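Chemist: Below is one structure. I have some questions about it.
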Amino acid sequence: MIIRRNNILHRLLLPLWLSMVALLMAACGEYSGASESKLTQTVDSFATYYYNWQFQRALRFTTPQSEQWLRLCASQLTQEDVDLLNKQVEKPSYVIDQLELIDDSTARVSITVQNYLLTDTIGRPARLVDKGSFTLDAVYTTAAQRWMIDLHDVLRNEKK
């Protein structure tokens, strides 16, 4: 009799348990997709502001430790550089090449930026670069409940 009851119990609980597992897996997939979408939005905002030299606005999408690098970028600009950016017919644009979620709170994003102005030498005006490749590190902060770009240095073109 005991064996029969357990068998009936298993037949009733097994489908319920499998349904719950499937539901949890689906929910995790949706979370990952939502997280990826939020990360893409952060990259979009940051890249748009950063490559148009709106560093104060870009700051909202970075970690507090990144502020020093944005300040350094801003301090290198001259009025001549800003005039070049304002005269630029085709504004900087970018494409996300690869988005890698390393874990639930860390990501690496590779982007290609076109038509951006590079300020790499103090005392010399910025120069137009047709295309460059950059890697952005991003972290998900639970306190802010959002993705943030984590700069460890001034962004540099990886392919010259």
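The values are calculated or read from the model by the stated rules, or taken from the named source; none is laboratory data. Please read all numbers here as calculations on a predicted model, not as lab measurements. Cβ sites come from the backbone with ideal geometry, for glycine too, and all protein chains shown count toward neighbours. With ligands, DNA and RNA removed, areas are computed over all heavy atoms of the protein, side chains included. Shrake-Rupley method; radii C 1.70, N 1.55, O 1.52, S 1.80 Å.
Chemist: Under a point-charge model restricted to the Cβ atoms of Lys and Arg (+1) and Asp and Glu (-1), what is the dipole moment magnitude of region 57-160 relative to its Cα centre, in debye to the nearest 20? List each step's numbers first, then the result.
Modeler: On the way: 13 positive and 15 negative charges, 61 e Å.
The dipole of region 57-160 has a size of about 300 debye.
Chemist: For Cα pairs less than 8 Å apart in space and 6+ apart in sequence, what is the mean separation divided by the residue count of region 101-154, i.e. the relative contact order in percent?
Modeler: That works out to 33 percent.
Chemist: Follow-up question, since we're still on this one. Select from LEU118, VAL89, VAL139 the residue farthest towards the positive end of the dipole of region 61-160; place +1 on Cβ of Lys and Arg, -1 on Cβ of Asp and Glu, and compute about the Cα centre.
Modeler: Going by the Cα projections, it comes out as VAL89.
Chemist: Each residue of region 64-75 in turn: what ³J(HN,Hα) in whole Hz from Karplus with 6.51, -1.76, 1.60 and θ = phi - 60°, glycine and Pro shown as x?
Modeler: x, 5, 7, 4, 4, 6, 5, 5, 4, 4, 5, 6
Chemist: Roughly speaking, to the nearest percent, how much of region 46-160's 1.4 Å accessible area is carbon and sulfur?
Modeler: Within region 46-160, the accessible surface is 49 percent carbon and sulfur.
Chemist: Let a ≥ b ≥ c be the square roots of the eigenvalues of the Cα gyration tensor of region 71-117; is it rounded (a/c under 1.5), or, if not, prolate (a/b larger than b/c) or oblate? List each step's numbers first, then the result.
Modeler: Details: a/c = 5.46, a/b = 1.91, b/c = 2.86.
Taking the square roots of the gyration eigenvalues as a ≥ b ≥ c, region 71-117 is oblate.
Chemist: While we're on this one: Considering the options THR40, GLN68, THR106, tell which one lies farthest towards the positive end of the dipole of region 35-160, charges being +1 on Lys and Arg and -1 on Asp and Glu at the Cβ, about the Cα centre.
Modeler: Most positive-ward Cα: GLN68.
Chemist: Counting only heavy atoms of protein chains, what accessible area per residue, in Å², does region 57-121 have with a probe of 1.4 Å? Intermediate results must be reported in sequence, preceding the final value.
Modeler: On the way: 3950 Å² over 65 residues.
Using a 1.4 Å probe on heavy atoms only, each residue of region 57-121 averages 61 Å².
Chemist: Please turn the phi angles of region 150-157 into ³J(HN,Hα) values with the Karplus equation 6.51 cos²θ - 1.76 cosθ + 1.60 (θ = phi - 60°), one per residue in order, whole Hz, x for glycine and proline.
Modeler: So the J values, rounded to whole Hz, are 10, 7, 10, 5, 5, 5, 10, 5.
Chemist: Just flag the GluC sites (Glu not before Pro) in region 72-160 sitting in loop per DSSP whose Cβ has no more than 12 other Cβ atoms within 10 Å. Walk me through the numbers on the way to the answer.
Modeler: Details: sites: GLU80, GLU90, GLU100, GLU158; in loops: GLU90, GLU158.
Of the GluC sites (Glu not before Pro), the ones in loops of region 72-160 whose Cβ has at most 12 other Cβ atoms within 10 Å are GLU90, GLU158.
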